[in-house]
Amino acid sequence: MGLLRKIFIPFVGLVLAFCFYSAREDFKPEMLKGKRVIVTGASTGIGEQMAYHLARMGAHVLVTARTEAKLQKIITRCLELGAASAQYASGSMEDKAFAEHVEKEAEVVLGGLDMLILNHVGNSYFNYFDGDVGHVQKLLKINFLSYVAMTVSALPRLKDSVGSIVVVSSMAGKVGFPFTAPYSATKFALDGFFSSLRQELIIQKVDVSITLCILGFIDTESAMKAASDVVLVSPCAEGGVCAGNHQGGSPPPTGNLLQICSYQNPLPDPGLGSRTPGLSDQKKLQCGKPKEKFISL
Ligand SMILES: NC(=O)c1ccc[n+]([C@@H]2O[C@H](COP(=O)([O-])OP(=O)(O)OC[C@H]3O[C@@H](n4cnc5c(N)ncnc54)[C@H](OP(=O)(O)O)[C@@H]3O)[C@@H](O)[C@H]2O)c1
């Protein structure tokens, strides 16, 4: 029994981990051709880059954010890159009605939906929790409740198309790091909700996949502004998008778009927008060297 515990169980664990991480790469860019995709928070950063990747693969894209002028530029660029079509809807995800409107817009302009990529994030700060409950409430509306509202509206159409939901989360949604309390709470909430929903869809034999993306530090403009002077580690390049945790339904056709950034010492991520007061030197975090790892799901 002792031998079994010491050698056999770790060995089986290693074999399973090896099989999981070296799974056959079956992603082809053509899988996205003609697919109807919503990308939220696509006026900048990771969402913008995802929209360009999708455009190159010939998808129909509908991008959202608050800043209309930026979205107009992004859809022009998407069309140049080869998108089958490109549209935008501007508004704030703090407003539940807007979240629902976007999904209806997908029906009107895209004629249905194959993939919902939930990526937008409200501004927060990178500092000690300041006791502002109103801020936590606002952030929950933007980073969590709007994700739920959009999922509820989109599910009937995703069931029709055997589609996918992609939820962009963070290391801070898996581990409680300092200086990210409100943001971290919203990302943990996403994990709880979508991991549970995924199981329910499997039980109900609903063929809609849910992928939770666990990102580390990525060098988007807002992240660099928020934390480059605090987090002493090289960020991943913005063009790559990190992911983990996919189960249920068909595999998401996002394949090699997905990248896991794992760190020897896990780091808080600075995907917090720009409401960041300066931090004193004593709060600077000395972190391990980044160890990037690419994975296809
Ligand atoms: N960058 C990182 O290091 C990192 C690490 C881990 C996880 N992440 C996650 O990755 C995702 C994208 O991060 P990012 O760094 O690309 O962020 P970003 O550059 O700050 O982009 C955020 C996007 O959300 C939109 N947005 C902000 N507030 C909104 C609101 N109230 N309503 C609707 N849209 C709103 C912004 O556009 P408007 O301002 O025009 O509305 C923008 O398009 C987030 O979910 C973040 O948590 C990022």
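Nothing in this text is a laboratory measurement; each read-out follows from the coordinates by a stated rule. Nothing here was measured: the structure is a model prediction, and the numbers come from that model. Every residue, glycine as well, gets a Cβ built from its backbone with ideal geometry; the counts of neighbours run over all protein chains shown.
So the values come out like this:
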{"read-out": "Net length gained if the chain between LYS28 and ASN123 were fully extended (0.36 nm per residue, minus Cα distance)", "value": "30.7 nm"}
{"read-out": "Region 133-197: C-alpha pair distances exceeding 19 Å, %", "value": "36"}
{"read-out": "Simple spin-label estimate for GLU221 and GLU100 in nanometres, 7 Å along Cα-Cβ", "value": "3.3"}
{"read-out": "Of every Cα-Cα pair in region 1-160, the percent that sits beyond 25 Å", "value": "44"}
{"read-out": "Long-range amide H partners of SER85 with built H, under 5 Å", "value": "HIS60, VAL61"}
{"read-out": "Extended-chain gain in nm, criterion 0.36 nm per residue less alpha-carbon gap, ILE7 and VAL109", "value": "31.0 nm"}
{"read-out": "Ranked by how many other beta carbons lie within 10 Å on average, peptides 125-132, 183-190, 10-17 from highest", "value": "183-190, 125-132, 10-17"}
{"read-out": "Positive dipole terminus of region 154-232, leading residue within LEU212, LEU197, ALA223 (C-beta point charges)", "value": "LEU197"}
